[in-house]
Each structure stands twice: as structure tokens, then as C-alpha cells.
Amino acid sequence: MTTALITGSTAGIGAAFARRLASDGHNLVLVARDTKRLQEQATELHDRHGVEVEVRTADLATDDGIETVAARLSDRRAPVDLLINNAGFGNKGRYLDVSMADELKMLKVHCEAVLRLTSAASEAMRERGRGGVVNVASVAAFVPRGTYGASKAWVVQFTQGVAKDLAGTGVRLMALCPGFVRTEFHQRAGMGTDNIPNWMWLDADKLVAAALSDLARGKTLSIPDPRYKALMGLVKVTPRGLLGGVSSRTGRKYGPQ
Ligand SMILES: NC(=O)c1ccc[n+]([C@@H]2O[C@H](COP(=O)([O-])OP(=O)(O)OC[C@H]3O[C@@H](n4cnc5c(N)ncnc54)[C@H](OP(=O)(O)O)[C@@H]3O)[C@@H](O)[C@H]2O)c1
């Protein structure tokens with residue numbers, strides 16, 4: 001029996017990780033801000049799968065919230081074997097439409113929390129000689145698109161760099177880069193999604209299955225869908241200057257409004 005800690009477990013991709021890991025028999029530590037929703041989720045997963053489920057209410061946009069979760073990851077008496085850094089959000093609007101407070105909050109949740117939680121988890125995992133960390137980034141990491149894309153690019157670079165530094169210690173790290181997934185993400189950010197073509201949407205449960213299989217195979221970067229793999233292949237060979245223009249035009253035409 002191993003234990004997985006998932007941030008942002010109550011909705012979307014995090015909830016899909018929780019369902020899948022519980023059905024595979026892992027005990028869980030679930031993290032989000034909404035205590036009632038966390039408790040309902042914990043009861044449901046415990047009753048359905050018979051696994052132990054703890055909850056930690058924490059706002060990862062605050063130092064207190066990050067420290068609460070880091071302390072749980074550092075607890076040597078109750079080891080966490082798998083960390084899924086998944087909590088995240090979008091801001092509606094382009095650069096200068098978004099307040100500085102919201103830009104900084106995004107960097108805190110997407111970058112600082114991921115850095116501090118990855119460090120707390122990996123240190124304990126390295127002592128035990130095993131463990132895994134999945135940091136949820138986005139395909140937005142590969143195109144020039146404001147603070148969201150930049151924060152996710154940091155997640156990819158950081159995760160792949162740390163994976164190299166910790167090679168041979170038994171600790172595996174992987175950056176997960178989904179395309180559009182039907183979750184609460186766009187609605188929470190107040191973004192309309194009517195412009196996004198149907199073929200671009202991914203299913204959260206299938207995404208998680210592909211991600212866990214990539215982690216088991218030792219990948220440090222997972223883009224779990226052939227459609228997005230092909231698109232990211234194109235992005236790789238497109239000159240950066242051209243990519244900025246194309247990304248901005250297609251983002252305006254097909255992206256969340
Ligand atoms: N959906 C997509 O198209 C898509 C594509 C690529 C990447 N992603 C990434 O996937 C991850 C999950 O997104 P999702 O689509 O599943 O979003 P979602 O359905 O909106 O779920 C977000 C989860 O994160 C939690 N959360 C948000 N802010 C938090 C905070 N400050 N502290 C602690 N927990 C927080 C939410 O619970 P509470 O509100 O209770 O805290 C919720 O459980 C994000 O990192 C996102 O950037 C999403």
C-alpha cells in the first residue's frame with residue numbers, strides 16, 4: 001500500500017488522479033481550499049475503494065497553505081510515495097488586463113508552491129530511495145502566451161532539470177502537459193469555450209491513465225495524446241518569432257474568450 005498526495009484534488013484533472021489512484025489501491029492525501037468538498041470526496045473514495053483518505057485544507061497561494069502541505073510531505077512517520085502537484089487556475093484577459101495581484105498569485109501557486117512541495121517530497125523520497133512527483137504543466141508551456149504559459153514553461157524546465165539531478169536516487173519526476181481538458185478550469189476563470197473545436201478536448205480520466213503509464217516508463221515529459229504530440233512537434237520546428245504571431249492569432253480565434 002502506498003500513499004499519494006494530490007493538490008487540487010476536488011475537481012477536473014486532480015479528481016481524475018484521485019479516482020484512478022484510489023481504484024489502484026493507493027491511500028490518499030487530498031489538498032484543496034474547500035473543506036466540505038474535500039471531506040465529501042474523501043468519504044466517497046474511502047467507501048468505494050476501501051483506501052485511507054486524509055484531507056488537508058490549504059490555499060497554495062499563501063505561505064501558510066504551502067507550509068501545511070510541505071510539513072505533511074516531510075513527515076517521516078507517514079511517508080508520501082507519489083506527489084501530484086496539480087492545483088492551478090487561469091486568469092481571463094491578456095497582459096495588462098489582469099491585475100498584478102492575480103499575476104503574482106498565479107506565480108505563487110504554479111511556481112513557488114510547486115518548487116517548495118517538490119523539494120519537501122523529493123528530500124524524503126531520496127532518503128527512502130524511491131518515490132515519484134508529477135508536476136502538472138500544460139502544452140501552453142511551449143508557446144509564448146503570457147504569465148500562464150510562462151509559469152507552465154517554468155514547471156517543465158524545473159521538473160526536467162530536477163529529474164536529471166536526482167537520476168539514480170530512485171526518485172522519478174515528470175512534467176505532465178495536457179491540452180484542453182473538460183474541467184472547471186475555464187468556467188472558474190470566466191472564459192467561454194465555444195470557439196474551441198471539439199477535436200481539441202481531452203478526457204481527464206484518459207489523460208491520467210496515459211500520464212501514469214508515462215511515469216511508469218520513466219518519462220520526464222508527458223504529452224499524453226497523439227493530436228497534441230503532433231501539434232507540439234510542429235511547434236518545435238517553427239521559428240520562435242513566427243510562433244508568437246501564430247499563437248496569438250490562433251489563441252484569439254480558437255482559445256478561451
Ligand atoms: N483544463 C485544462 O484545459 C488544462 C489544460 C492544461 C493544463 N491544465 C492544468 O491542470 C491543472 C488542474 O486544472 P483543472 O483543469 O483540473 O482545473 P479545475 O477543474 O478548476 O480544478 C482546480 C483544482 O485546484 C484547486 N485549487 C485551485 N486554486 C487553488 C489554491 N490556491 N490552493 C489549493 N488548491 C487550489 C481547486 O479546488 P479549490 O477551489 O477547493 O481550492 C480544484 O480542486 C492546473 O494546474 C491547470 O493549469 C488544465
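The values are calculated or read from the model by the stated rules, or taken from the named source; none is laboratory data. Keep in mind that this is a model prediction, so the values were computed, not measured. So basically every Cβ, Gly included, is an ideal-geometry build from the backbone, and we count neighbours across all protein chains shown.
Observations on the model:
- For the range 108-135, the set of residues classified as assigned to a helix (DSSP H, G or I), farther than 15 Å from residue 78 by Cα and within 16 Å of the ligand (Cβ to nearest atom) consists of 108, 109, 110, 111, 112, 113, 114, 115, 116, 117, 118, listed by residue number.
- In the set (1) within 14 Å of the ligand (Cβ to nearest atom); (2) touching a Ser or Thr at 6+ places or on another chain (Cβ under 8 Å); (3) more than 17 Å from residue 229 (Cβ to Cβ); (4) not charged (D, E, K, R), the condition left unmet by residue 162 is number (1).
- The single residue among 20, 48, 76, 72 that is surrounded by fewer than 17 Cβ atoms within 10 Å (Cβ to Cβ), touching a residue at least 40 places away in the same chain (Cβ under 8 Å) and more than 13 Å from the ligand (Cβ to nearest atom) turns out to be 76.
- Looking only at the range 192-206, residues that are in a loop (DSSP other than H, G, I, E, B) and modelled with pLDDT of 95 or more come to 2 in all.
- Condition check for residue 209 on (1) part of a helix (DSSP H, G or I); (2) surrounded by 16 or more Cβ atoms within 10 Å (Cβ to Cβ); (3) modelled with pLDDT of 95 or more: one failure, at (2).
- Restricting attention to the range 136-191 and to residues that are part of a strand (DSSP E or B) and in contact with a Leu (Cβ under 9 Å, 6 or more places away or on another chain), the residue that is surrounded by the fewest Cβ atoms within 10 Å (Cβ to Cβ) turns out to be 181.
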